[in-house]
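Structure first, then comments.
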Amino acid sequence: MPWNQGGGGGPWGGGGGGGGQNPWNRPPGGGGSGQQPPNIEDLIRRGQERVKRLFPGGFGSGKGVALVVLALLALWLASGFYRVQPNEQGVVLRFGQWVRTAQPGLNYHLPGPIESVLTPRVTAVNSLDIGFRGAAEGRGVRNRSVPEEGLMLTGDENIIDIQYTVFWLIKDAGLFLFNIASPELTVKAAAESAMREVVGQMPAQFALAEGRRQIEEQTQKLLQQILDQYGAGVLITQVQLRAVDPPTQVIDAFRDVQRAKADRERARNEAEAYRNDIVPRARGEGQRLIQEAEAYRQQVIAQAQGEAQRFVSVFNAYRLAPEVTKQRLYLETMELIFKGNSKVIIDQSPGSGPGVVPYLPLPEIQRRATGQGAR
């Protein structure tokens, strides 16, 4: 046939030698670039040629096998690299057994199946409610009491209802994963035990009033000691009391007792204030009287000693000059008698005149006139 000339594969000479073009010189499929799609067989053949050049003896040769084994070994060893994030710890397991704990960063372990790694988060703070449960109610959350967890006996044999929350996080991921079977149940049981032990050593009044902070601190310390003894790998960050109340059945009676104790405390404070006011004043008054009595005592003693000394002095002078002393005593006595009285002297010596001159008490009349004028 004439259209097969020139090695063509059809009436337009487009056989295998013509590049697969149609009569309009376009590749099949309507492409306008004139390029053929890659030939799969050519690619396979070229790959085989390259492999033969790399392994002249083929894959079955010793060099080829060695290179393949080395490549696979390198990939296997490289699979042991892993990264631990800042909020995680790496727990390395060797055939399922915990061997070490890796810190955050790039680390390495023997490739699997020899070793594997777990990376639990250790910075997340977990909370555990004991004595109550939160339940959604409308737009808010209502706490539902759990008496079997919250009711406990105090040191003075009273019953109180305590609701509290324990906050904890993972301190050692290896201990946390492999030393305790149920971490939350372990923390809850230890927390209940620690709280009951602390409350059992306190009176109810102290626990209901000013003892809340002390209960929290002592419970956290005791709970941490218990978990460390268990090797739980848990760190207790806080124990927070939500409510400390008497049981619901006797809460009214407890409130009456509280009011009575408050009244008693108020009356005691008032009495103490009155005592603090009156006692110092009474002590001051007593001290003043003591000091006045001591001063009077000293005064009387001094006067008595002075009188005695004066009498001794007069007696000694009398012994030396009796007449002079008598005259002096007489004059001093008369001086004392006439010192505060009005005196009128009448001269009755011879030649002084006839009879007694009538006496007119002018000073007395003057004093009486002055007194009447003042009134």
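A simple charge model with +1 on the Cβ of Lys and Arg, -1 on the Cβ of Asp and Glu and nothing else charged puts the dipole of the stretch 178-225 at about 20 debye relative to its Cα centre. Taking GluC sites (Glu not before Pro) across the stretch 192-254, the ones in a DSSP loop with at most 10 further Cβ atoms lying within 10 angstrom of their Cβ are GLU210.
Here LYS326 is the anchor, and the aspartates and glutamates within straight C-alpha reach of less than 18 Å, apart from those fewer than 8 places off in the same chain, are GLU335. Residues whose amide H lies under 5 Å from that of ASN143, counting only those 5 or more places away or on a different chain, are ALA135; hydrogens are built 1.01 Å from N in the peptide plane.
Straight-line reach from LYS188: taking Cα to Cα under 18 Å and skipping same-chain neighbours fewer than 8 places apart, the aspartates and glutamates in range are ASP129, GLU148, GLU149, ASP161, GLU197, GLU216, GLU217, ASP228. Taking the Cα centre of the stretch 167-295 as origin and assigning +1 to Lys and Arg Cβ atoms and -1 to Asp and Glu Cβ atoms, the resulting dipole is close to 120 debye.
Highest mean packing first, where packing is the average number of other Cβ atoms within 10 Å per residue, the peptides 177-184, 69-76, 325-332 line up as 177-184, 325-332, 69-76. Rolled with a 1.4 Å probe across the full set of protein chains, the surface gives VAL68 an accessible area near 60 Å².
Cross-link partners of LYS339 among aspartates and glutamates, defined as those whose alpha carbon lies under 17 angstrom from its own and excluding same-chain residues fewer than eight positions apart: GLU364. Packing around the peptides 161-169, 298-306, taken as the average count of other Cβ atoms within 10 Å per residue, puts them in this order, highest first: 161-169, 298-306.
The values are calculated or read from the model by the stated rules, or taken from the named source; none is laboratory data. From a predicted model like this one, the values you see are computed outputs, not experimental measurements. Using ideal geometry, Cβ is built from the backbone for each residue, glycine included, and neighbour counts are taken over all protein chains shown. Only protein heavy atoms, including side chains, enter the accessible area calculation; ligands, DNA and RNA are left aside. Shrake-Rupley method; radii C 1.70, N 1.55, O 1.52, S 1.80 Å.
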